[in-house]
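Peer 1: I have a structure here, written as structure tokens, and I will follow up with some questions on it.
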Amino acid sequence: MDGTVSLRVLGAAPAAAVAEPVLLLLGARAGLDVAALDELVMAVELAVRGAGRPLLIEVTPDDGRLTVAVRPLEPDGLRAYGQALRRLVTDVEIDGDGAGIVMRAG
Amino acid sequence: MPADPAGRLAVLAAAGDGAAKAELVKQMSPLVGRLAGRMANARVPRQDLEQAGAVGVLAAVDGFDPDRGAAFAPYAMRYALGEMRALARGAAAVHVSRTGRDLAAAVEAAAAALTAESGAPPTVDEIADRAGLDEEQVVTGLRARRGLAPPAGGQDELLEAHGGWEDAIEQVERRLDVGRRLEELDPRSQRIVAMRFGLELSQTEIAERLGISQMHVSRLLRAALEQLWGDEG
């Protein structure tokens with residue numbers, strides 16, 4: 001499975017449930033260890049909390065790393081969880097308008 | 001002696017007064033009942049939740065310090081809620097299939113052995129090789145393992161043995177901007193969050209310090225984050 005996998009899901013709980021197996025499988029193939037995989041899934045679960053609009057989740061394996069982009073999100077939620085997310089994954093970029101996030105693990 | 005009647009009973013109960021314990025559970029039962037009523041569903045009957053809540057009330061007795069001036073009831077309800085949530089998570093966990101449970105056990109055993117050997121968490125491929133499974137089975141096991149309830153109780157003695165977590169809790173409150181919500185978590189959850197986000201220990205480091213597996217730490221941490229932000233989702 002190469003390239004970016006895109007998921008479009010409505011609602012936080014379904015988004016987290018749909019994203020989990022994709023993140024685990026692509027993360028496994030990217031060579032992430034199980035602790036990094038676990039915390040990446042936790043981070044995505046946290047990031048999508050409170051999302052009420054259809055979410056686009058894009059997962060891209062890249063040379064031993066996994067990049068996950070999630071949009072659109074609630075800026076208030078990202079402000080609340082941002083510091084926790086930064087400690088769960090290797091790198092976090094929050095869009096200028098606070099409505100999206102890119103996280104990298106590995 | 002505290003002015004709060006329930007606080008006075010708690011002090012007596014902590015000293016071993018059985019009648020005070022029984023009276024305390026009786027006095028707290030309306031509050032516990034209201035919480036249980038809100039959480040009860042087809043899988044978790046209200047009566048079971050009330051019993052778990054009573055266990056929480058009695059657990060709160062030992063840690064209650066009347067000199068801090070706080071009333072006993074709100075303090076005890078945090079413990080009651082923690083016990084009820086643990087029960088509810090356990091009820092949800094029974095929906096993990098038997099196959100999933102078997103794979104989760106095999107994956108966790110292989111991961112623990114590999115971590116012990118190398119000092120670092122393994123990859124899915126390494127677990128697959130060790131457990132004689134394929135990639136998909138390991139991922140299924142990892143998913144099942146994430147869905148299992150965190151082990152109930154038993155870790156507090158180990159957590160108590162780790163010094164410095166009180167400072168770490170303050171660090172977490174500042175870093176994660178969660179205000180006083182951390183103090184509303186049950187003590188076990190407070191400490192696991194403090195170790196991961198306050199002391200900034202990795203899951204593997206926490207596991208080493210506590211003598212448990214990384215996957216065990218993961219379940220505790222996930223449950224704690226669910227408690228911390230669960231009402232906002």
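The values are calculated or read from the model by the stated rules, or taken from the named source; none is laboratory data. Fair warning: this is a prediction, and the values are worked out from it, not measured in the lab. Note that each Cβ is placed from the backbone with ideal geometry, even for glycine, and that neighbours are counted across all protein chains shown.
Peer 1: Restricting to the stretch B:101-144, count the residues that are within 19 Å of B:ARG222 (Cα to Cα) and more than 9 Å from chain A (Cβ to nearest Cβ). Spell out the reasoning first.
Peer 2: Step one: list which residues in the stretch B:101-144 are within 19 Å of B:ARG222 (Cα to Cα), which gives B:101, B:104-105, B:107-108, B:111-112, B:121, B:139-144.
Adding the requirement that they be more than 9 Å from chain A (Cβ to nearest Cβ) leaves B:101, B:104-105, B:108, B:112, B:141, B:144.
Number satisfying all stated conditions: 7.
Peer 1: Just wondering, is there one or more residues in the stretch B:10-21 that are assigned by TED's automatic domain parsing to the domain that holds B:PHE64, in contact (Cβ under 8 Å) with a residue 60 or more places away in the chain and buried (at least 19 other Cβ atoms within 10 Å of the Cβ)? Outline the logic, then answer.
Peer 2: Filtering the stretch B:10-21 for residues assigned by TED's automatic domain parsing to the domain that holds B:PHE64 gives B:10-21.
Still in the list and also in contact (Cβ under 8 Å) with a residue 60 or more places away in the chain: B:10.
If we keep only those that are buried (at least 19 other Cβ atoms within 10 Å of the Cβ) as well, we get B:10.
Yes, the stretch B:10-21 contains a residue that is assigned by TED's automatic domain parsing to the domain that holds B:PHE64, in contact (Cβ under 8 Å) with a residue 60 or more places away in the chain and buried (at least 19 other Cβ atoms within 10 Å of the Cβ).
Peer 1: For the stretch B:178-232, please list each of the helices (runs of 4 or more DSSP H) lying entirely inside it that holds at least 2 residues being facing chain A (nearest Cβ under 9 Å).
Peer 2: Counting at least 2 such residues, we get B:203-210, B:214-229.
Peer 1: Right, here's the next one. Does B:MET84 fit the bill of being modelled with pLDDT under 85, touching a Lys or Arg at 6+ places or on another chain (Cβ under 7 Å) and hydrophobic (A, V, I, L, M, F, W, C)?
Peer 2: No; evaluated as a whole, the condition is false for this residue.
Peer 1: To continue, here is another question. Every residue in the stretch B:13-61 that is touching a Ser or Thr at 6+ places or on another chain (Cβ under 9 Å) and not aliphatic (A, V, I, L, M), please. Quick ask: steps written out before the conclusion?
Peer 2: The initial filter retains those residues of the stretch B:13-61 that are touching a Ser or Thr at 6+ places or on another chain (Cβ under 9 Å), namely B:50, B:53-54, B:57.
Residues satisfying the conditions are B:GLU50, B:GLY53.
Peer 1: Do we have A:THR67 as among the polar types (S, T, N, Q), over 25 Å from B:ALA111 (Cα atoms) and more than 13 Å from every other protein chain (Cβ to nearest Cβ) here?
Peer 2: Spelling it out, it is not the case that A:THR67 is among the polar types (S, T, N, Q), over 25 Å from B:ALA111 (Cα atoms) and more than 13 Å from every other protein chain (Cβ to nearest Cβ).
Peer 1: Quick check: is even one residue across the stretch B:40-53 crowded, with 16+ Cβ neighbours inside 10 Å and not in a helix (DSSP H, G or I)?
Peer 2: Yes: the stretch B:40-53 contains one or more residues that are crowded, with 16+ Cβ neighbours inside 10 Å and not in a helix (DSSP H, G or I).
Peer 1: Also: On the basis of being without any contact (Cβ under 8 Å) to a residue 60 or more places away in the chain and either of a type in the set (Ser, Thr, Tyr) or under 22 Å from B:GLN227 (Cα atoms) (or both), does B:ARG68 make the cut?
Peer 2: The answer is no for B:ARG68.
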